[in-house]
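Down below is the structure, laid out as structure tokens.
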Amino acid sequence: MPDPSDRSRQGSRSTSLAFFIPHRPGLWLLAAGILLILLIIYGFTLAPGLSWANGGTDGGDLITAAATGGVPHPGGFPLYLLLARGFQLILPGDLAWRTNMLSAICTSLAAAILFFLSNRVSGRRAFSGLASWSAALAFGLAPLVWSQAVITEVYGLQALLTAVILFQATGEETKWNGNFLRGLTVGLAIGCHLISILLLPLLFWDGKAVCRDLKKHIGRRFIGVLAGLSVYLLLPVRALGHPPVNWGNPVTPQAFFDLVSGSIYRSNFTMVYSFERLRGLSGILIDQAGLIGLFLAVFFLAGNRVNFTRMIPFFWIFISHAIFTLVYGSFDSYVYLIPAVMVYLFWAAAGLQEIIEFCVARCRFAWFPVGLLIISLLIWHGSQTLPAVDASYDLRAEKFGQEAVRSLPRDALAFTADDESSFTLWYYHFALKQRPDIAVVVEGLLPYGWYQQTLEFTYPGLQFPTGEDWTAVAIAQANPQRPACSLAGHGATTITCSGRQNP
């Protein structure tokens, strides 16, 4: 993408968002349009409550941890917890719906930042607004992005922070884009998700090249990073309160490190099946904007007007996140491609702009039919994506939770066997405070000492095994007066009980 011309620099002393206001108010109207359109679309497809849609089974864990002052699954996500709790306190309505809205708003804002980023890096050439607007909407409507925008997950917030960091890295230093603030944003992004460590190299980049006076700037930037990382102190503070959701109980340095680093997931790192995963990754990227998006991105990158030096931050984000997705073998690792999708559609916007300029150079009014074609393609792509990502009709988690709290016998020991049943019961039992008489026990966590301690603090009236015999059978035998029930939400929902049935 060519550098801005001298004329495009006049009247804009800064590249920060603050200086767009007096010079290009139309940009803000276009950005507002992106926000409005995406918020409406997300609003209609948002999960109405707790949901298992789009791989969102972790939602019950995150919502409950935020609501009860707890610590969610590794790596803790402290920044997300703070914001989620804020949404839970401020917005009206169902507790899960309030938390789902955080994803929708953050993803919409990420698309708006992508619009500003694309327009600025293009040099604000003719029709850059149209191309950037199209890319921002295409990002918001990409299946992978849309799927995470309508459920409780951390990836909408991560996408927003990634867009802001990329915007900062490709701009000039201003009071809104100073060294400390840049570092702070990266630190907070890591506080949202540890994968944002991949964004640290962007602190060495200034505008169009590597920072020329690195020694002068890097110290303040890394002080900002440390300030942002201080949000992780929230996790041991929460753990000290013995909340009912307290993964890892991170009150010691080792426990804290194990939680934040996700040590229990290290076995997921593998090169096995990398070739098959590479093919799958290619298919996922193509699905985000179709063959047209792929053509536009390749058209731009293969052209002779690309400033590859200026594209280095974009290449880094794309390649690093793609490699991470290849080597991290979890079933849901595809969600880590969202920053790569952002860059991919940025390139598609640049290719689209080249094509618009080519057409307009031969026919002055060609931009109008091209614009109509773009809008039509966005509508068509969105309509094709809708059935796969719409979470508004997914009531499986709600039905399971309601059935469980309705049918479980009084004083039941509820042993859960999967994430769906475990996190759903946590949500109803701890976050919504329903059925205080029962005890929810996650069988898969029983071998962990921190979970044993959590159960003892949460249910002081229960009898627990001594020694290492922490099994569902041993707990049921230690509490013969309580009916023992097994629950599973994955696949066919099952609730089976044995033992004494209290009326």
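The values are calculated or read from the model by the stated rules, or taken from the named source; none is laboratory data. Nothing here was measured: the structure is a model prediction, and the numbers come from that model. Cβ sites come from the backbone with ideal geometry, for glycine too, and all protein chains shown count toward neighbours.
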Pairs returned, first residue in segment 456-472 that is polar (S, T, N, Q), second residue that is not in a helix (DSSP H, G or I), beta-carbon separation under 7 angstrom, 6 or more apart or interchain, are THR458/PRO244; GLN463/ASN479; THR471/LEU446
Taking helices (runs of 4 or more DSSP H) that do not extend beyond segment 80-159, which have at least 1 residues that are touching a Pro at 6+ places or on another chain (Cβ under 7 Å) and farther than 17 Å from HIS193 by Cβ?
95-121
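Conditions tested, residue by residue: (1) more than 17 Å from TRP146 (Cβ to Cβ); (2) over 19 Å from the mean Cα position of the chain (by Cα); (3) buried (at least 17 other Cβ atoms within 10 Å of the Cβ).
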{"residue": "ILE292", "(1), (2), (3)": "yes, yes, no"}
{"residue": "PRO313", "(1), (2), (3)": "yes, yes, yes"}
{"residue": "VAL335", "(1), (2), (3)": "no, no, yes"}
{"residue": "ILE356", "(1), (2), (3)": "yes, yes, yes"}
{"residue": "GLY371", "(1), (2), (3)": "yes, yes, no"}
{"residue": "GLY382", "(1), (2), (3)": "no, yes, yes"}
Taking into account only those residues within segment 87-113 that are modelled with pLDDT of 95 or more and among the small types (Gly, Ala, Ser), which is nearest to the chain's Cα centre (by Cα)?
SER103
Residue pairs within 8 Å by beta carbon, gap of at least six or interchain, first lying in segment 318-329 and closer than 14 Å to GLU276 by Cα, second aromatic (Phe, Trp, Tyr) and in a helix (DSSP H, G or I), listed first then second, are THR325/TYR334; THR325/TYR336; TYR328/TYR336
Considering only segment 264-275, I want to know if a residue exists there that is assigned to a helix (DSSP H, G or I) and either surrounded by 17 or more Cβ atoms within 10 Å (Cβ to Cβ) or in the same structural domain as LEU446 (by TED's automatic domain parsing) (or both).
no
Selection status of GLY171, in the same structural domain as LEU109 (by TED's automatic domain parsing), under 27 Å from PRO369 (Cβ atoms) and either of a type outside the set (A, V, I, L, M) or modelled with pLDDT under 95 (or both)
no
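Rundown of residues vs (1) over 28 Å from ALA349 (Cβ atoms); (2) modelled with pLDDT under 95; (3) in contact with a Ser or Thr (Cβ under 8 Å, 6 or more places away or on another chain), yes/no style:
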residue	(1), (2), (3)
LEU27	no, yes, no
PHE44	no, no, yes
SER51	yes, no, yes
GLY59	yes, no, yes
ARG85	yes, no, no
Apart from one, (1) in a helix (DSSP H, G or I); (2) surrounded by 19 or more Cβ atoms within 10 Å (Cβ to Cβ) all hold for LYS215; the odd one out is (2)
Qualifying positions in segment 413-442 - acidic (Asp, Glu) and surrounded by 17 or more Cβ atoms within 10 Å (Cβ to Cβ)
ASP418, ASP419, GLU420
